[in-house]
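Since the structure comes first, as structure tokens, the remarks are kept for the end.
The values are calculated or read from the model by the stated rules, or taken from the named source; none is laboratory data. Computed from a predicted structure; not experimentally measured. Positions of Cβ are backbone-derived with ideal geometry, glycine not excepted, and every protein chain shown enters the neighbour counts.
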Amino acid sequence: MNNIISNILRFLVFLIVQIVICQHVCLFGYMTPALFLLALFLLPLELPLSLQYLIGFASGFVVDAFAHTLGVSSFSCTLMMFLRPFIVRFLNGTNFNRFESIERPMPGVKDFRWIFLYTLILTSIYQVISVLLGTMTFRNFGHTLLVMIGNTLFTVFVVLCVEYIFYNKVRNES
Amino acid sequence: MNNLIEFFKKAFHIIVLAVLLILSVVMLGKSLAFNEYRLSRAVQGIVGPIQKSGAGMVHRFRLGPENEALVEQNIRLMREQENMFLEKVDTVLTEMSKPDSTNRRQVRLYDYTFAHVIFKTVDRAFNYMIVDKGSRDGIVRDMAVLSPEGVAGVITDVSSNFATVRPILHPESRISAVVNPANQNGTLIWEGDDPHVAYLEAIPQHSEINIGDSVFTNGFSNIFPKGLFIGTVKEVQVGNNASFLTIKVNLATKYADVYTVYLVENLFKSEIDSLKADFKDE
């Protein structure tokens, strides 16, 4: 129960921060962090898959509504949530069972290398799809690629910073 | 049948995924294709007010730089006004033959800059203001000081980084002014009581002055350009000297709120003054 409330609160906070601040950041003219992805990253893995997709879609839709890009983030987030279990399975190695234990992709539960790769892969999936859908063209692909890489790196940096500042207590508790 | 239900249970999340992805693609396709897409308008109806209030809030913090930009734009516009120039015509003959000939040239008479008030008094008998520009910024004595609303005063003292302004609210302040539409010239003075009201003297009694008439500078002093707004007529009295009216003028400048002021320099001031000095000596 406590977990549900904290998850909902986390979504609210990160979506508001994303809409109010991150959406307006434009480092070097093209790097915009997608901090709200952190809320999706931290979502417990044992949640029903369909609910995970719905949550991804809904948060993407909210971000879209404020960025006037209907469909872009919702598509990318849904797809990212679909690919997330596969990424986790890949990172955990072969002996991963989804129902075996409570899998929480958090610092403390997982080591830095795991968290970094997890964040990097999921973020690049999200950014590649959303940037491609946002531009809808392969013309001037160099710049599109630059935006993808820039966005991914910036997002990974911001997400890891926030994650290790605010969610590092778990290690001490457990 | 059981198999089918089992299949649906297993594949439920795939169906949800497919539905959501298709939904996103539909939204994406429609919002790309039609600007007048109904969903995006509905979303805009909800999101728009939130974004508007947010933008308003953010805008509050950016008012300072925006104000500076507007002040500079104002100066560019004010520099191009007609009363900034002397019209020069080389000879009478060219004027007669070709009224819009190229011999007519404009000579800049006044130039603008701006400053910020860093200290001011309003409620004393001898009021003054200090602005944050001085001789290093090209400020000289007897430059006119304008507020955004109208005439504010005259520069009296200049140090290297600051300058003192004698506002209209000073007993020694004299500004020659004209009342329109009666087109009568007089002198604007202040009598040390109300910071909103000054007196316009030496207006002949026969002139028809109505309450609400506008008072402008007339450009006689060579400090103020012609036609700057000073205020409006508040009250018309017959003075002690029965041949003149005494007119109360509501000053346009709100001294309590003045922060940005425009400074006007007469580029030919010394030349004109030297002529006046010659005249006095005789």
Scanning the stretch A:107-129 residue by residue, those part of a helix (DSSP H, G or I) and in contact (Cβ under 8 Å) with a residue 60 or more places away in the chain turn out to be A:Tyr118, A:Thr119, A:Leu122, A:Thr123, A:Tyr126, A:Gln127
So which pairs qualify, if the first residue must be in the stretch B:10-27 and at the interface with another protein chain (Cβ under 7 Å from one of its Cβ atoms) and within 16 Å of A:Ala58 (Cβ to Cβ), the second must be surrounded by fewer than 20 Cβ atoms within 10 Å (Cβ to Cβ) and charged (D, E, K, R), the Cβ gap must be under 9 Å, and the two must be at least 6 apart or on different chains? none
Does the stretch B:12-27 contain at least one residue that is at pLDDT 85 or above and either within 30 Å of B:Asp111 (Cα to Cα) or exposed (fewer than 10 other Cβ atoms within 10 Å of the Cβ) (or both)? no
Name the single residue that is farthest from B:His116 (Cα to Cα) among those in the stretch B:135-193 being in contact with a Pro (Cβ under 8 Å, 6 or more places away or on another chain) and not aliphatic (A, V, I, L, M). B:Gln184
Return the only residue of B:Pro167, B:Pro195 being crowded, with 20+ Cβ neighbours inside 10 Å, modelled with pLDDT of 90 or more, within 23 Å of the chain's Cα centre (by Cα) and not β-branched (Val, Ile, Thr). B:Pro167
Out of B:Glu172, B:Glu208, which single residue is modelled with pLDDT under 90, out of contact with any Lys or Arg (no Cβ under 8 Å at 6 or more places or on another chain) and either closer than 22 Å to B:Arg124 by Cβ or in the same structural domain as B:Arg141 (by TED's automatic domain parsing) (or both)? B:Glu208
Looking at B:Gly48, B:Gly56 in this structure, which one is under 30 Å from A:Ala65 (Cα atoms), modelled with pLDDT under 80 and either within 13 Å of chain A (Cβ to nearest Cβ) or exposed (fewer than 10 other Cβ atoms within 10 Å of the Cβ) (or both)? B:Gly48
Mind listing just one residue for me: the one in the stretch B:122-139 that is under 24 Å from B:Phe216 (Cβ atoms) and touching a strand residue (DSSP E or B) at 6+ places or on another chain (Cβ under 8 Å) and, of those, modelled with the lowest pLDDT? B:Asn127
Starting from the stretch A:59-77, take each residue that is free of Cβ contacts under 8 Å to residues at least 24 places away in the same chain and within 13 Å of A:Tyr126 (Cβ to Cβ) and list its partners that are among the hydroxyl-bearing types (Ser, Thr, Tyr) and surrounded by fewer than 24 Cβ atoms within 10 Å (Cβ to Cβ), counting only C-beta distances under 8 angstrom and pairs at least six apart or across chains. none
Scanning the stretch B:80-121 for residues that are surrounded by fewer than 15 Cβ atoms within 10 Å (Cβ to Cβ) and at pLDDT 85 or above, the one nearest to B:Leu146 (Cα to Cα) turns out to be B:His116
Name the single residue that is surrounded by the fewest Cβ atoms within 10 Å (Cβ to Cβ) among those in the stretch B:198-234 being assigned to a strand (DSSP E or B) and among the aliphatic types (A, V, I, L, M). B:Ala202
Among the residues of the stretch A:83-93, is there at least one that is at pLDDT below 90, farther than 28 Å from A:Gly150 by Cα and more than 14 Å from chain B (Cβ to nearest Cβ)? yes
Do any helices (runs of 4 or more DSSP H) lying entirely in the stretch A:1-82 carry at least 1 residues that are among the small types (Gly, Ala, Ser), on the phi < 0 side of the Ramachandran plot and away from chain B (no Cβ under 14 Å), and which ones are they? A:2-20, A:37-41
